[in-house]
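Visitor: Here you go, one structure.
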Amino acid sequence: MDTTLTYFRKSAFSRDALVYAGDLDTQPAEGTLPSVYYLDVGSRHINLCRNATQVTSPLLACKQHGMLGRSATIRGDITSSAHRNGAFSNAWTFVYMAEEFKWSIARWSNRWTLVDGRGNTVAGFERASFRASKIGTLNIMPGHPEHLVWLIVLTCELVHRTVKSSERAAHGS
């Protein structure tokens, strides 16, 4: 069975995100359903944590490099690297256990797909439209180790940030 996770903004003006199990339409009221992950998002970093109280000891810490943040190192229980797929691409590629995984973004769509080095679909993300707090829903195919799931959750947010940044630049804001 697929793992389905829903991303919500922590608050209206926060970059941080809460990730809940399941396909949710609205963010659960505080205290009713604990988040599975917390994403601490800064201008050049994303930390994947179990919850908001563990920000100082993240599961994975991603730091973007370069003037335009086109590459990143990811550290924690595992070490990985990630890079943008091209100069004008919003998609990212990361490495896990010597295998490349590539996020591809369909033009004019709110959906992107993660494929492994053999071209198999590993995960899909559908971005929420016209929602104040919901970012979107991630579906991860079954049978993947926990560390790979962590990388998928983190790099999905990296792709989301890149897409949002490109949209702001295109609209001049």
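The values are calculated or read from the model by the stated rules, or taken from the named source; none is laboratory data. Remember, predicted model here, so these are calculated numbers, not experimental data. For neighbour counting, all protein chains shown are included, and Cβ atoms are generated from backbone atoms with ideal geometry for every residue, glycine included. Heavy atoms of the whole protein, side chains included, go into the accessibility calculation; ligands, DNA and RNA do not. Shrake-Rupley method; radii C 1.70, N 1.55, O 1.52, S 1.80 Å.
Visitor: Given the peptides 148-159, 24-35, arrange them by the average over their residues of other C-beta atoms within 10 Å, most packed first. Provide the component values of the computation, followed by the final result.
Guide: Values: 148-159: 23.2, 24-35: 12.0.
So the peptides 148-159, 24-35, ranked by packing, come out 148-159, 24-35.
Visitor: Out of residues 5 or more away from Arg50 or on other chains, whose amide H comes under 5 Å of its own, with H placed 1.01 Å from N in the peptide plane?
Guide: So Arg50 has HN proximity to Tyr38, Leu59.
Visitor: Please report, in whole Å³, the volume per residue of the convex hull around the C-alpha atoms of the stretch 1-64.
Guide: Cα-based convex hull of the stretch 1-64, divided per residue, equals 102 Å³.
Visitor: Same structure again: Sort out for me the Cα centre separation of the stretch 127-155 from the stretch 1-56, rounded to whole Å.
Guide: 10 Å
Visitor: Semi-axes of the stretch 71-164's equivalent ellipsoid from the Cα gyration tensor, sqrt of 5 times each eigenvalue, largest first, rounded to whole Å?
Guide: 20, 15, 13
Visitor: Using alpha-carbon pairs under 8 Å, 6+ residues apart, how would you state the relative contact order of the stretch 2-64 in percent?
Guide: It rounds to 23 percent for the stretch 2-64.
Visitor: Considering the stretch 110-158, what Rg and Dmax in Å follow from its alpha-carbon atoms?
Guide: Taking only Cα atoms of the stretch 110-158, I get Rg and Dmax of 11.6, 37 Å.
Visitor: Follow-up. Describe numerically, in nm with one decimal, the distance between label points set 7 Å from Cα along Cα→Cβ at Asp2 and at Arg44.
Guide: The modelled label-to-label distance comes out at 3.7 nm.
Visitor: Please compute the alpha carbon radius of gyration of the chain, then divide it by the globular-protein estimate 2.2 N^0.38 Å. Two decimals is fine. Can you show the working numbers first?
Guide: Values: Rg = 15.0 Å, N = 173, 2.2 N^0.38 = 15.6 Å.
Against the compact-globule rule of thumb, the ratio is 0.96.
Visitor: How much area per residue is accessible in the stretch 49-158 when the probe is 1.4 Å and only protein heavy atoms are counted (Å²)?
Guide: Normalised by residue count, the accessible surface of the stretch 49-158 is 53 Å².
Visitor: Run the simple label-point estimate for Asp25 and Thr121 please: 7 Å along Cα→C-beta, distance reported in nm.
Guide: 2.4 nm
Visitor: While we're looking at this one, here's another question. Within 12 Å, Cβ to Cβ, of Val55, how many net charges do the neighbouring residues add up to if Lys/Arg are +1 and Asp/Glu are -1?
Guide: Summing Lys/Arg as +1 and Asp/Glu as -1 gives 0.
Visitor: Further, regarding this structure: For the chain, what is the relative contact order in percent, using Cα pairs closer than 8 Å and at least 6 residues apart in sequence?
Guide: For the chain, the relative contact order is 19 percent.
Visitor: Further, regarding this structure: Quote to one decimal, in nm, the extra length available between Asn110 and His147 on full extension: 0.36 nm per residue of separation minus the C-alpha distance between them.
Guide: My answer for the length gained is 10.7 nm.
Visitor: Right, something else. Counting each DSSP H run of 4 or more residues in the chain as -39500 (n - 2.57), what helix-only mean residue ellipticity at 222 nm follows after dividing by all residues, to the nearest 500 deg cm²/dmol?
Guide: Values: 1 runs with 25 residues, N = 173.
Calculated at 222 nm, the ellipticity per residue is -5000 deg cm²/dmol.
Visitor: If you roll a 1.4 angstrom probe over the protein chains with everything in place, what fraction of the accessible area of the chain belongs to carbon and sulfur, to the nearest %?
Guide: Percent of accessible area from carbon and sulfur atoms in the chain: 53.
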